[in-house]
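Just so you know, all these numbers are worked out from the coordinates, no wet-lab data involved. Since the model is a prediction, treat every value here as computed from it, not as a measurement. Cβ coordinates were reconstructed from backbone atoms using ideal geometry, including for glycine residues, and neighbour counts include every protein chain displayed.
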Amino acid sequence: MKQTFQRLFLCVIVLTVAADSNSTSTVNETLISNHTASTNRNGNSREALEEDNNVVLAMEQQRLMKHLFRNYDKNVRPVSDPSKNITIRIVPSVRQIVEINERQQVLVVYFWLRLYWYDKNFVWNKSDYSNITNFNVEPDKIWLPDMSLYNSAQEGQDALIYLKIKTKVQVFNDGACRWLSPYFSSTSCNIDSTHFPFDEQKCQVEMASWTATGNVIDVQLDKNLSIDTSNYLENIQWKMQSVSAYKQVSFFGTNKNPFPSLVFEFVVRRRSLFYIINLIFPCVILSFLSLMTFYIPPASGERITLSISLLLTMLFTLYIVTENLPPDSTTVPLLTKFIGVAMLIMTLSLFGTSVAIKFEGKAEPVPKWISLVVGKYLACLVLHNTSWIKFPKRRGWNSEEIALREQSSENQNGFPEKEDEPLPDDQKNTCRHRSPQSSWNNTENAAGSGVTSVTPKPSNPIMSSIVEMFCHLSSRVETKAAIEDAQEEWKEIGLILNTLFFATFFAILFISTIVIFSGARYTE
């Protein structure tokens, strides 16, 4: 009984605790739901209040604009005294130099343009209109200054800034008007390509009223006379060196009234790394490569082919350069000068190659003056060995030597050798201008002088033919040796001229490269 009573008591306690927890959770849920409902009621009331305020502000703004534009005429200049001018303050912020088109000579700049002026018709007491201090209005509903680009490169009405900008104008309760808008200006720029691709350009953007004089509309800069470049984005082709602004007053024709304008001057320098890698460096390599033609053997037949190929490559490079530059006849670009000098050197090297090839394999004797000038003086300039120079008393070529030389020349040209032609009757018994009987005559002379000698026997036809054959062979061997000596001399002369041409053209090309690019300024 006792255990049963204890079990009943424990069950009563557990049931009581469970009932208390359920009641507590129910109370908490009730409190949360009540709090949420009150919060929703408060939020809805705030939103309703804000909506009511917005409706009131919209109604007040409509009433304000109806009041301001009741008798407003956008064609009338907003000044209290017609004899006074209205001042337009221009504060540009340069965002980016978009492009400089050298061929069309056009500068494209991206501005964040800000114009400020005062309109006497837009003055109100903000307390009368629910503390409204400003509002935005479409630009075609109020008076606008007819600001334009004086040096515009655009067509038609694109030069008129006030027609191109479509953003709204901010109007404040003290009469101040502020017009903010992005603007792309395309203006003419006189491109000076003298130092291309290391050139520096100076371009201007001039803004002013197109029709009004300074007595009607005056333009002014910001107080610090500077242009905002804090948000400037660098151009990949041009680096902006400086930008300045100043006011300019001009007089046109017989009109004595001034026309003020604001001039924004940009000084930019071309980033030349692209042109150094893709134009200058290949041109220099091709120019010095043309000098290597003097190291190719003339007999290979590839010297002229290589020279002509390099010359055509330089012509194509020159075409690429001229396509990116304006057709200016007053100046010659720096790179064009270098390419012109390189082409001239290539042409002269082609001429020198032709001269050296002409000397190769020549079989006639070297004239004495050529041996003297080339072999003695020019060889010393190029530090060439002159041990081969000989100045013998050269005799004339006889008919047999002439025939052998012609035969040698024909063999070098690929023609078959001709058969030996029979000697004339007057030369059959000659061997180097000595007859076969001369030995016998010498023997007889020796006997007459007291010297013992063998009395010669009468010559027979067989002996005469043998002597004649040996004399003929001896003459051909001597003539062939003379021709080979002449060819070696011509070869040495060609080698000297090759070395001289190489040294001369290398010096000219190196000096001209240094002189042409000495004044260039590299810009990253």
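Of note:
- Relative contact order (%) - region 86-271, alpha-carbon pairs under 8 angstrom, separation at least six: 26
- Summary of packing: across the peptides 148-157, 253-262, the per-residue average of other C-beta atoms within 10 Å ranks them, highest first, as 148-157, 253-262.
- Fewest neighbouring Cβ atoms within 10 Å first, the residues VAL79, VAL55 line up as VAL55, VAL79.
- Using the Karplus relation 6.51 cos²θ - 1.76 cosθ + 1.60 with θ = phi - 60°, the per-residue 3J(HN,Hα) values for region 146-158 come to 7, 6, 9, 9, 5, 9, 6, 10, 9, 9, x, 7, 5 Hz, with x marking Gly and Pro.
- Region 218-310: chymotrypsin sites (Phe, Trp or Tyr not before Pro) in DSSP coil with no more than 14 other Cβ atoms inside 10 Å: PHE251, PHE252
- Potential extension, ASN54-VAL76 segment - 0.36 nm per residue separation minus Cα distance: 4.6 nm
- Rounded to 0.05, the FRET efficiency of the GLU360 and MET463 pair, given R0 = 56 Å and the Cβ-Cβ distance, is 0.80.
- Rounded to the nearest 20, the size of the Cβ-charge dipole of region 86-271 about its Cα centre is 260 debye, with Lys and Arg at +1 and Asp and Glu at -1.
- Ranked for footprinting exposure by Cβ neighbours inside 10 Å, fewest first, SER209, SER80 give SER80, SER209.
- R0 of 25 Å, Cβ-Cβ distance ASP128-THR87: FRET efficiency to nearest 0.05: 0.35
- Within-9-Å neighbourhood charge of GLN201 [Cβ basis; K, R +1; D, E -1]: -1
- For region 203-254: span of alpha carbons on each principal axis (Å, largest first): 45, 25, 14
- Interchain or long-range residues, amide H under 5 Å from TRP238's placed H: ARG271
- GluC sites (Glu not before Pro) lying in DSSP loop within region 160-254, provided at most 13 other Cβ fall within 10 Å: GLU234
- Per-residue ³J(HN,Hα) for region 251-266, Karplus 6.51 cos²θ - 1.76 cosθ + 1.60, θ = phi - 60°, Hz, x for Gly and Pro: 10, 10, x, 8, 6, 8, 7, x, 10, x, 8, 10, 10, 10, 9, 10
- Residues PHE281 and GLN248, FRET efficiency given R0 of 60 Å [Cβ-Cβ distance, rounded to 0.05]: 0.90
- When each of HIS195, HIS67 is scored by the number of other beta-carbon atoms lying within 10 Å, the sequence from fewest to most is HIS67, HIS195.
- Among the listed pairs LYS368/LYS480; LYS166/LYS256; LYS141/LYS223; LYS74/LYS164, a Cα-Cα separation exceeding 24 Å is found for LYS166/LYS256; LYS141/LYS223.
- Separation of alpha-carbon centers, region 279-297 and region 481-508, rounded to whole Å: 21
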